[in-house]
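Novice: Here it is: the structure, laid out below.
No value in this document is a laboratory result; all are computed from the given coordinates. Everything numeric in this text was worked out from a predicted model, so none of it was measured.
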Amino acid sequence: MSTMSVANNAYQMAARLQQQAKAIEDPAPVREQVDFGQMVQSAVDNVVDQGRVADNKAVGLIEGKADVVDVVTAVAETEVALETMVAVRDRVISAYEEIMRMPI
């Protein structure tokens, strides 16, 4: 067997092994990095949007274009979102204070 055919066979074998390795790769999903600041910004934007919806429905009620039930529901949803945001804020502050109390 010539050196060229041996080299050719080796390259073909390496290519097949590489293709097989790609097919067998770990199918575990790659975890995306979560940006805490972006997550907080999204939550705040959500609360603000719900507040705007509640305000618009209240104005619609005054104008006679909205139903009282819709306004009460929108206000209740906004209240729950705001209470959730305050609870998360309190937990973050509590965690920060706990970390600051840790000895170095």
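Novice: Could you calculate the contour length gain from ALA76 to GLN38, that is, 0.36 nm times the residue separation minus the distance between their Cα atoms, to one decimal place in nm? The partial results should precede the final answer.
Specialist: Working: separation 38, 0.36 × 38 = 13.68 nm, distance 2.55 nm.
Answer, rounded to one decimal: 11.1 nm.
Novice: Per-residue HN-Hα couplings for segment 48-53, Karplus 6.51 cos²θ - 1.76 cosθ + 1.60 at θ = phi - 60°, whole Hz, x for Gly and Pro?
Specialist: Result, rounded to whole Hz: 5, 4, 5, x, 5, 4.
Novice: Right, next: Please list 3J(HN,Hα) in residue order for segment 68-80, calculated via the Karplus relation 6.51 cos²θ - 1.76 cosθ + 1.60 where θ = phi - 60°; whole Hz, with x for glycine and proline.
Specialist: So the Karplus estimates, Gly and Pro as x, are 4, 4, 5, 5, 5, 5, 5, 5, 5, 5, 5, 5, 5 Hz.
Novice: Here's a follow-up. From the phi angles alone, apply the Karplus equation (6.51, -1.76, 1.60; θ = phi - 60°) to segment 39-44 and give each ³J(HN,Hα) in whole Hz, x where the residue is Gly or Pro.
Specialist: 5, 5, 4, 5, 5, 5
Novice: Moving on to the next point. Full extension from ASP55 to VAL68: what is 0.36 nm times the residue separation minus their Cα-Cα distance, to one decimal in nm?
Specialist: Working: separation 13, 0.36 × 13 = 4.68 nm, distance 1.27 nm.
3.4 nm is the gain from fully extending ASP55 to VAL68.
Novice: Using modelled backbone amide H atoms (1.01 Å from N, in-plane), which distant-in-sequence or interchain residues come within less than 5 Å of ALA66's amide H?
Specialist: LEU61
Novice: On the Cα set of segment 32-99, report Rg and Dmax in Å, please.
Specialist: Reported Rg and Dmax, both Å: 15.8, 53.
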